[in-house]
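The values are calculated or read from the model by the stated rules, or taken from the named source; none is laboratory data. Here the structure is a predicted model, which is why all the values come from computation and not from measurement. All Cβ positions, glycine included, derive from the backbone under ideal geometry; neighbour counts span all protein chains shown.
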């Protein structure tokens, strides 16, 4: 016989684990996209491909802004609890 409280706690732990995994993947992906954009932009500038450099720079900015949004959201969540 399962206790309702134990089942509720298990469901909450499972939900917390899934949310944590999702946020972790999002943060890592956003930072990685920003980093790839910076590296590829530098390579494109070195090869005098200014159009490609501009595109990679835009991708880097988007990635790092997304990363910053994750950090801001994390700070809001932590300070509200």
Subject >> Where a residue in segment 49-73 is under 29 Å from residue 20 (Cα atoms) and its partner, wherever it lies, is modelled with pLDDT of 95 or more and exposed (fewer than 13 other Cβ atoms within 10 Å of the Cβ), with Cβ under 8 Å and at least six apart >> reply: 63/32
**OP:** Considering each residue of segment 1-51, count those that are surrounded by 10 or more Cβ atoms within 10 Å (Cβ to Cβ) and either over 21 Å from residue 61 (Cβ atoms) or under 22 Å from the mean Cα position of the chain (by Cα) (or both), and give that number.
**Re:** 35
**OP:** Filter segment 25-55 for residues that are out of contact with any helix residue (DSSP H, G or I) (no Cβ under 7 Å at 6 or more places or on another chain) and under 14 Å from residue 66 (Cβ atoms) and give the result.
**Re:** 25, 28, 29, 32, 35, 36
